[in-house]
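The values are calculated or read from the model by the stated rules, or taken from the named source; none is laboratory data. Keep in mind the model is a prediction, meaning the values are calculated, not measured. Note that we place each Cβ from the backbone using ideal geometry, even for glycine, and neighbour counts take in every protein chain shown. Surface areas here come from the heavy atoms of the whole protein model, side chains and all, with no ligands, DNA or RNA. Shrake-Rupley method; radii C 1.70, N 1.55, O 1.52, S 1.80 Å.
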Amino acid sequence: MTSSLPEQDPIPADWIVPDWPAPENVRAVFTTRAGGVSQGPQATFNLGYKADDDPVAVRTNRALLAARTGVPSAWVAQVHGPRVVDAQAALHAVEAGDPLQADASVTSVVALASTVMVADCLPVLLCDSQGRAVGAAHAGWRGLCAGVIEQTVQALRARLPHDGVNAEIIAWLGPCIGPQAFEVGPEVREAFLAAATSEERDATNAAFVPHGDADVGKALADLCALARLRLAREGVTSMSGGQWCTVGDPARFYSYRRDRTTGRMAALVWLAA
């Protein structure tokens, strides 16, 4: 089902409301370039302070996001690693002026959004099928390889009652750099193969298509395919999304690989009051 949004300020029509089989009390949204006040390469809805944008514009855009969703976002200082934090702790840290370094958060608190920013990396939103907890992960290739998805699923399960280990987890994969645009060196493929189980090895290898000079060992990598393998490792079978390429749609999406100087989008998921 498509997640519904509350009756706050209307969200731009350009934003993406995930179409996934989440329960009715789970809400989610993915922002695009539309609907903000930023100027220049970051125009218009940049949410990242590290995007060479005017901080006043970023604060305004974040306030607009809260007004449109009706909930505060638990921002984290993303470092391309596997650390997962509690969203409420992340919110308090931001309010204290010292954001937590992490690339994912989870929560069972109502009306608080687990939030990650992206501009080519893969956002993964999660919830359990009964709508008791949610989580968001920022999965660039380094964090993905290091296990950010697995740790986020495990942390979400830990927020559930005693049956959490057997609970059905639902995942949504947002816009990221697509498999026709993500050229990587041989070290990336080797890192994923080294981290793959014997059962995953063939599918992991298939996620890298040789590209360019064969002697150099470069390949086109499929982030979503690699993420689905890691979700499956944790017993997640319900996976939606993953059909958008940030690089190929400059009118709608920011892309660091394409533009270098650019803004940041956000993926949010929360439990409705």
Those residues of segment 37-56 which are among the small types (Gly, Ala, Ser) and out of contact with any Pro (no Cβ under 9 Å at 6 or more places or on another chain) amount to SER38, GLY40, ALA43, GLY48
Answer with yes or no whether GLY164 is out of contact with any Asp or Glu (no Cβ under 7 Å at 6 or more places or on another chain), crowded, with 16+ Cβ neighbours inside 10 Å and within 21 Å of MET265 (Cβ to Cβ).
no
Hits in segment 209-247 - residues which are open to solvent by less than 70 Å² (accessible area, probe 1.4 Å), touching a residue at least 40 places away in the same chain (Cβ under 8 Å) and either in contact with a His (Cβ under 7 Å, 6 or more places away or on another chain) or basic (Lys, Arg) (or both)
LEU220, ARG230
Out of curiosity, is ARG132 crowded, with 17+ Cβ neighbours inside 10 Å, within 20 Å of ALA272 (Cβ to Cβ) and basic (Lys, Arg)?
yes
Matching entry among ALA102, ALA74 (being more than 20 Å from ILE11 (Cα to Cα), at pLDDT 95 or above, in contact with a strand residue (DSSP E or B) (Cβ under 9 Å, 6 or more places away or on another chain) and crowded, with 16+ Cβ neighbours inside 10 Å)
ALA102
Being assigned to a loop (DSSP other than H, G, I, E, B) and more than 18 Å from LEU226 (Cβ to Cβ) is true for just one of GLY81, GLY131. Which residue is that?
GLY131
Condition met for ALA34 (outside any loop (DSSP other than H, G, I, E, B) and open to solvent by less than 50 Å² (accessible area, probe 1.4 Å))
no
For segment 87-98, check the following and say yes or no: at least one residue is touching a residue at least 24 places away in the same chain (Cβ under 8 Å) and open to solvent by less than 50 Å² (accessible area, probe 1.4 Å).
yes
Taking segment 139-161 and keeping only residues that are open to solvent by 10 Å² or more (accessible area, probe 1.4 Å) and either within 16 Å of the chain's Cα centre (by Cα) or among the hydroxyl-bearing types (Ser, Thr, Tyr) (or both), one is left with TRP141, ARG142, CYS145, ALA146, GLU150, GLN151, ALA155
From the options THR197, THR204, THR237, residue that is under 20 Å from the mean Cα position of the chain (by Cα) and of a type in the set (Val, Ile, Thr):
THR237
Does any residue of segment 109-118 turn out to be in contact (Cβ under 8 Å) with a residue 60 or more places away in the chain, open to solvent by 10 Å² or more (accessible area, probe 1.4 Å) and within 18 Å of the chain's Cα centre (by Cα)?
yes
Search segment 39-68 for residues being polar (S, T, N, Q) and crowded, with 22+ Cβ neighbours inside 10 Å, and hand back the single one that is nearest to VAL124 (Cα to Cα).
ASN46
